[in-house]
1. Residues with beta-carbon under 15 Å from that of residue 87, excluding residue 87: net charge, scoring Lys, Arg +1 and Asp, Glu -1?
2. What is the spin-label model distance, in nm, from residue 99 to residue 120 if the labels are put 7 Å beyond Cα along the C-beta direction?
3. Taking only DSSP H segments of four or more residues, each worth -39500 (n - 2.57), what value at 222 nm results for the chain once the sum is divided by all its residues, to the nearest 500 deg cm²/dmol?
4. Work out how far the C-alpha atoms of region 43-117 reach from end to end along every principal axis, then list the three figures in whole Å, largest first.
5. Placing unit charges on C-beta atoms (Lys and Arg positive, Asp and Glu negative, everything else neutral), compute the dipole magnitude of the chain about its Cα centre in debye, rounded to 20.
6. Which of the following values of percent of Cα pairs over 23 Å apart was calculated from the structure shown: [x] 46; [y] 31; [z] 51?
Amino acid sequence: RQYSAAGECRELYVKTVRGLFLAALPVFPATFLILPDVFGFVLGREWYEAGELARWLCPMFFMRFIVSPVSILFYIAGRQHLYLYRQVLLLTLVLAGLYTGVRCQSVYITVGLYSLSYVISYFIDGIVSFNLAKGNKQVDV
């Protein structure tokens with residue numbers, strides 16, 4: 001509503017991102033540290049390695065938690081084509097990461113690059129959606 005009325009929603013955007021960041025800040029680092037032990041304790045010692053892999057995904061989920069709620073601005077601002085470009089970039093990064101992981105024969109590299117692909121993608125989402133929140137109509141690519 002604010003974007004429709006004023007043509008911008010920067011204040012609301014910053015307030016939302018700040019709140020999500022502060023909510024995620026204690027949870028995700030703690031989760032990162034204890035995840036393998038939790039997997040091992042709850043699911044059995046043979047699941048410890050799965051917890052290690054899940055740990056590699058924590059940065060991706062951290063960024064997703066913060067950026068996904070404000071990414072709706074692509075649609076609100078009528079700039080879906082920018083989101084399409086981001087999706088093409090994400091697909092390219094994920095495929096390159098999967099290819100590299102398979103070539104290196106390492107599941108850790110594969111999962112790490114997968115997570116990194118999403119971190120990069122969400123970071124770009126955050127920057128572009130912030131520019132959209134400012135009412136900047138010159139965000140075209």
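1. +2
2. 1.2
3. That calculation yields -28000 deg cm²/dmol at 222 nm.
4. 49, 29, 14
5. Approximately 460 debye in magnitude.
6. Entry [x].
Read-outs: derived from the displayed coordinates by stated rules, not from any lab. These numbers come from a predicted model, not from an experiment. With ideal geometry, Cβ positions are generated from the backbone for all residues, glycine too; neighbour counts draw on all protein chains shown.
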